C-alpha cells in the first residue's frame, strides 16, 4: 500500500465502495483479508500498479482516486482467476474489477483501441466493425443451406447463436463451417439469426461498457422473440455466459448450452461417425468462461477423447486454474495497449505450456483463441509445429466432412 | 461565446457501394450513413474550447437515420443545443444549398465561431465552410488543427502540405474548416448518452425552398477499372529472390 498523507477524495472512495456492497455478494469485499492471493493468481497482477487486493486497500483507506489515476485496470482480462481463488469468495471480477472499468469509462479514460471496439459495437452490433448484413456470409456455399430464420421463418429445434468472431473472423469461419457440418451430420434442425444477431455484449460488459451490453442484449432479446425454437446453443463461451447468467436478469431467458455440452449429450450418435484417426497428443485449453466461470470441464475432454488416435494431455494450468488466452474482458481489443505495458502475451505463455507437454495439437473451444494462439505459435521460438484446432474442426476432420 | 457546429452524414464505407440504375449516383437503398469524420473532429474542437474558455455549443445536422443518436452523443460530450434540420431532401443537399440554409440560420443565431469539418468524404470539395463564410461576410480558414480563443480573436493552426503548419490570427466571428481536433474525438459511455436522451431536446427547424444553384452536376458515376493485375512469384525463397533481382534489373532499378 502506498502511504498518502493527504487523502485525495475520500467521498469518491466512499460512494464507490458502498456501491460495490450493493452488488451480488459484494458485501464480502468488507471481509477481504488482504492476503494477496488475487494479485498473485492474476496472470497480469505483477504488471498492475493496483492489482485487485491493492484496489480494496485504497477503498478502505479512502484513496481510490489513486487507482483511476493509473491505467493499470486495463491489464485485467476478466479471467476470473482472482474470484476463483479468493479464500473469502469475493466476486472480484464482477463486483470490483468490472466496476472499476465502468468508473474509468464514465470518466472518459478509455484506451483508444477499446474505444474503437465500443463504437463498432454500438454502430454495427459487432466489435469488429463489420457490416451486420454480412454476418451470415460465412455460410455461403454450404449445402444444405444454413437456415437463416429471418428468411425462412421455419420453427427449429435449436437456435445457434453464432457470435462475433465465429461469424466474421477469417480464421474462425473454418471452425464455424465445421460445426454447421457436424449439426447437419447429426440431423439437427437448427437455424441462425444471421443479420439479426448482435454481439452477445459480454466482453463489452466485462470491459466496463454495461450500457452497450444492455443495448445489444435487448436487440438480441427482440430477435429471439420473433422465432420458434426449443433451445439456444453457441460456439462462443462469452455468448454462453451472457445468455446463461446475464440475459435472464434483463428478462431474456432461454435454455442454453455450449456446443461441447450439446455434442457430448449425443456422444453415442457421434462416436460411430468418428472414423478417421487423428494420431496426436492433444492439449486442451479451458476457456475462462466455459471452465472456470461456468464449470464445463468434462464435455470438451470427452469429445476429444472420443476421436480415435487422440491422446489427451494436460498443461500446467488446467481446469479451474486454466490460464487466460488474453482475449477476455476487453483484452481482445487491448492487444497493443497490453503489449506496450507488459511486453508479454498470455497467449505466448500458454503456447509454451502446450509445448512443454509435447502436444502436437492445442485444442480450443472459444472463438477468441485460434487467432491468438496461432499468432503465438509464430512468435514463440520453435512453436511453429504446434497446430491450434477448434474441437469442432477436429471432430469434423475425424468424421471426414 | 457562441460556437456553432454544422455537421453532416456521409455513406458508411463498411457497406459496399453500388451505383444506381441511372449511373450518376450511389444506390441509397442499402446505404448506411455515419457522421463525417472531419465533423466529428469539429465537435471535439468545439467541446475543447468550451471546456477551456467557456462557450455555448450548438450542433446542427440535417435529419436522417441515426442523426438523433449522434446529436444526443454530442450532448453527452457537452454540447448545449441540438438542432435538426427537417425538410424534403431525400435526394441529398449539395454544399451550396446547405451553406445558404445554414447562413440563414446563423444570421438569426449569430454565433461567434462556426466550426465545421474541412470536407466530407462523399464529395471532398470542402466548400460548405468557405461558402458559409462568404454568405455571412466572415473570414474563413480551412485545414485547421488547433484553435485558441482570446479577446474576440482566434489564434489558429493551419496545416499545409509537406508538414508545414502556420499559426495565424483572425477576428471573430469566423468560420473554420477543421482538419483535426487537438485530441481524437472523445469516447462517451453509452449510459451517459442514454441518460441525456431523457433530458436533452432536439430542436427541429424546417427548411423550405432550398436553393441548389451553383452545385456541380454528376453526369456519370463509375468504379475505376483495375489497371493491371499483380503477378505472384512462386518458388523457393532463393528462386523468388533471383526472380525479384532479375525484375529489378530489367526495369533499371538496379
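Summary table
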quantity	calculated
Residue in the stretch A:238-250 that is modelled with pLDDT of 95 or more and in a loop (DSSP other than H, G, I, E, B) present	no
Flag if residue B:112 is out of contact with any helix residue (DSSP H, G or I) (no Cβ under 6 Å at 6 or more places or on another chain) and without any contact (Cβ under 8 Å) to a residue 60 or more places away in the chain	no
Residues being more than 20 Å from the chain's Cα centre (by Cα) and more than 14 Å from chain B (Cβ to nearest Cβ) - total across the stretch A:194-220	2
Residue within the stretch B:166-183 that is surrounded by 18 or more Cβ atoms within 10 Å (Cβ to Cβ) and more than 21 Å from residue B:116 (Cα to Cα) present	no
Failed criterion for residue A:154 (all others in (1) out of contact with any helix residue (DSSP H, G or I) (no Cβ under 9 Å at 6 or more places or on another chain); (2) within 14 Å of chain B (Cβ to nearest Cβ) hold)	(2)
Selection from the stretch B:93-109 of residues that are without any contact (Cβ under 8 Å) to a residue 40 or more places away in the chain and surrounded by fewer than 24 Cβ atoms within 10 Å (Cβ to Cβ)	B:103, B:104, B:107, B:108
Count of residues meeting criterion [assigned to a loop (DSSP other than H, G, I, E, B) and within 14 Å of chain A (Cβ to nearest Cβ)] in the stretch B:182-226	7
Out of B:44, B:37, sole residue that is crowded, with 17+ Cβ neighbours inside 10 Å, under 17 Å from residue B:178 (Cα atoms) and within 14 Å of chain A (Cβ to nearest Cβ)	B:44
The stretch A:177-200 - residue that is under 26 Å from residue A:215 (Cα atoms) and out of contact with any strand residue (DSSP E or B) (no Cβ under 9 Å at 6 or more places or on another chain) and, of those, surrounded by the most Cβ atoms within 10 Å (Cβ to Cβ)	A:199
Qualifying residue in the stretch B:116-128 (condition: crowded, with 19+ Cβ neighbours inside 10 Å, in a strand (DSSP E or B), modelled with pLDDT of 95 or more and touching a helix residue (DSSP H, G or I) at 6+ places or on another chain (Cβ under 9 Å))	yes
Residue that is farthest from the other protein chains (Cβ to nearest Cβ) [pool: residues in the stretch A:77-93 that are within 18 Å of the chain's Cα centre (by Cα) and surrounded by fewer than 22 Cβ atoms within 10 Å (Cβ to Cβ)]	A:84
Failed condition for residue B:231, given (1) within 14 Å of chain A (Cβ to nearest Cβ); (2) free of Cβ contacts under 8 Å to residues at least 12 places away in the same chain	(1)
Per-region count, the stretch A:104-127, residues under 20 Å from residue A:338 (Cα atoms) and more than 10 Å from chain B (Cβ to nearest Cβ)	3
Leading residue by the ranking (surrounded by the fewest Cβ atoms within 10 Å (Cβ to Cβ)) among those in the stretch A:135-145 that are out of contact with any strand residue (DSSP E or B) (no Cβ under 6 Å at 6 or more places or on another chain) and in contact (Cβ under 8 Å) with a residue 40 or more places away in the chain	A:144
Filter result for residue B:235 (surrounded by 10 or more Cβ atoms within 10 Å (Cβ to Cβ), outside any helix (DSSP H, G or I) and at pLDDT below 90)	no
Strands (runs of 3 or more DSSP E) contained in the stretch B:1-84 and holding at least 1 residues touching a helix residue (DSSP H, G or I) at 6+ places or on another chain (Cβ under 9 Å) and without any contact (Cβ under 8 Å) to a residue 40 or more places away in the chain	B:33-35
Selected residue (only one of A:291, A:329, A:309, A:295 is assigned by TED's automatic domain parsing to the domain that holds residue A:393 and without any contact (Cβ under 8 Å) to a residue 12 or more places away in the chain)	A:295
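The values are calculated or read from the model by the stated rules, or taken from the named source; none is laboratory data. Remember, predicted model here, so these are calculated numbers, not experimental data. Cβ atoms come from the backbone with ideal geometry, glycine included; neighbour counts cover every protein chain shown.
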